[in-house]
Amino acid sequence: MSAGELGVLLALLGTSLVALLLVQVARREAAAVRAQAAEDVADLRETTKQRDAESQRRMDEVRAGERRLDKQRSRAEELAEKAEARAAEVERLTVQSAQERARLHARLVRELEVVAGLSQEEASARLVDQMRQQAVQDAAASVHRVEAAARSRADARARHVVATAVQRLAVPTSSAAAVTVLPLPAEDMRGRIIGKEGRNIRTFEAVTGVNVLLEDDSESVQLSCFDPERREVAEVTMRLLMDDGRIHPQRIEAAYAQALDGAPARTVAAGHDAADRSGVHRLAPELIEAMGRLRLRSSYSQNVLEHSVESALIAATMAAEIGADVELARRAAFLHDIGKGLPAGSVGSHATAGARLVERAMESAVVVNAVAAHHGEVEATSVEAVLVQAADACSAARPGARRDDLDRYVERMQQLEELVSAHTGVRKALAMASGHEVRVVVEPHEVSDEDLPGLAATIAKHIETDLSYPGEVSITVVRELRATATAG
């Protein structure tokens, strides 16, 4: 046998051995699978037997339950039949009892009618009347108690609201005075204001109609006049002179003219400033201007513009306390006295004139009514209008706000100037020194120098006859004729 054949033979033997081993392994795995399958089948058979037993047990229970339900159904049917029978018996007995009660009631009613001497209808009517009267009396008593309690709570609440509003108002008193004090910027300014032999002071007083009070050791100059408009113009004039430093008669007249020209701008600025302090915005220009003019108005010595600002703050606080419209109350209270800033020829009271003005400015109907009703001339139609009335009263009545002595003083000064101005030839009359001096400027073409003593005496006699005044009144009549020319 050759080597090649031997190699082939060995390869065939190796292959046969491997195949035999694979067969043996497959047989073992098949036997293991058959054993596992047998175990699984046994488990499944056991599980199936258990489930069959459980199903049988449950079926037995269901059948037993059905039998019990059948018994209970039969029992319920028997009980229902018995209940129906008893209900029929009860109904029969009830009908009989009702009939008996009706017969008994009718007999008792007849006996009562005989005893009382009244029929059933008459007795019912009387009982109804008595019950109605008693109910009305009880209701009236209850209403009275409720009204009294509500009034008590309302009074306490109102006092709390007013007290809270006034306590939160942190502004100085708005009482006006007849004197304006200006600090002197330098020591030598006193001499400049006085001028040579008092020439500048005399010129200043003659031009502005305001008394100048300047003490030797004072660090301020005082401007005294009952007319707030003249006093403001004099204040602006004095400030211009002190800022410039040049003070002489011609410069005084130029500064006075400049102060007069700036009055409209000061009016508008005062109106805007007051509106900002009150928290009122988007006002028409004519309303701003009218409010600004109130800075020169006073009521029982209370500055009207400051009073309007106070009223706006008080009304806003009270509106917040009671849940009303805060901004509407603030706006109406700020504008309530705007009629006092209108010209003197306006028709009607200041409330009526002010209402017409704010209505023309397209303010809301609530604001218009609040302005017209703040003195009770018309009926208030909103809570905010009532708050304006309350705020106006709070601002006017608080301590230190108003004094009537200044108003009487101003009225006396105005009467004195009007009386003197009524004389023929008088161009301007200025009441000064608290009414103890009157300076009269006459038209030089109507009154001659020879007529001056007679006019002064006539005015003095007129004052003695028609006015009551303390002390003496000095009348100074001034006639000044000026001529101007331009060279070049």
Quick one: Glu219 ticks every box in (1) in contact (Cβ under 8 Å) with a residue 40 or more places away in the chain; (2) in contact with a Leu (Cβ under 6 Å, 6 or more places away or on another chain); (3) closer than 17 Å to Ile193 by Cβ except a single one, so which number is it?
(1)
Could you please let me know if Arg295 is touching a strand residue (DSSP E or B) at 6+ places or on another chain (Cβ under 8 Å), at negative phi and in a helix (DSSP H, G or I)?
yes
Positions within region 338-370 being at pLDDT 90 or above, part of a loop (DSSP other than H, G, I, E, B) and of a type outside the set (Ser, Thr, Tyr), in sequence order
Ala361, Met362, Glu363
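Residue-by-condition table, conditions (1) under 30 Å from Asp392 (Cβ atoms); (2) modelled with pLDDT of 85 or more; (3) among the β-branched types (Val, Ile, Thr):
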residue: Ser220; (1), (2), (3): no, yes, no
residue: Leu223; (1), (2), (3): no, yes, no
residue: Asp227; (1), (2), (3): yes, no, no
residue: Met238; (1), (2), (3): no, yes, no
residue: Leu241; (1), (2), (3): no, yes, no
residue: Gln258; (1), (2), (3): no, yes, no
residue: Ala269; (1), (2), (3): yes, yes, no
residue: Asp276; (1), (2), (3): yes, yes, no
Say whether the condition of being at pLDDT below 80, assigned to a loop (DSSP other than H, G, I, E, B) and either out of contact with any Cys (no Cβ under 7 Å at 6 or more places or on another chain) or surrounded by 15 or more Cβ atoms within 10 Å (Cβ to Cβ) (or both) is met by at least one residue in region 428-443.
yes
Pairs under 9 Å by beta carbon, first residue part of a helix (DSSP H, G or I) in region 3-21, partner of a type in the set (A, V, I, L, M, F, W, C), six or more apart or different chains?
Leu9/Met1
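Of the residues Phe204, Phe226, only one is of a type in the set (Phe, Trp, Tyr) and in a helix (DSSP H, G or I); which? Please lay out each step first, then the result.
Numbers: Phe226 fails: in a helix (DSSP H, G or I).
Criteria check complete, one pass: Phe204.
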Glu286 - would you say it is in a helix (DSSP H, G or I) and outside the structural domain of Ser395 (by TED's automatic domain parsing)?
no
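The rows are residues; the columns are (1) assigned by TED's automatic domain parsing to the domain that holds Glu437; (2) exposed (fewer than 15 other Cβ atoms within 10 Å of the Cβ); (3) touching a Gly at 6+ places or on another chain (Cβ under 9 Å); (4) on the phi < 0 side of the Ramachandran plot.
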site	(1), (2), (3), (4)
Glu205	no, no, no, yes
Val210	no, no, no, yes
Asp216	no, yes, no, yes
Val236	no, no, yes, yes
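The values are calculated or read from the model by the stated rules, or taken from the named source; none is laboratory data. Fair warning: this is a prediction, and the values are worked out from it, not measured in the lab. All Cβ positions, even for glycine, are placed from backbone atoms using ideal geometry, and neighbour counts span all protein chains on display.
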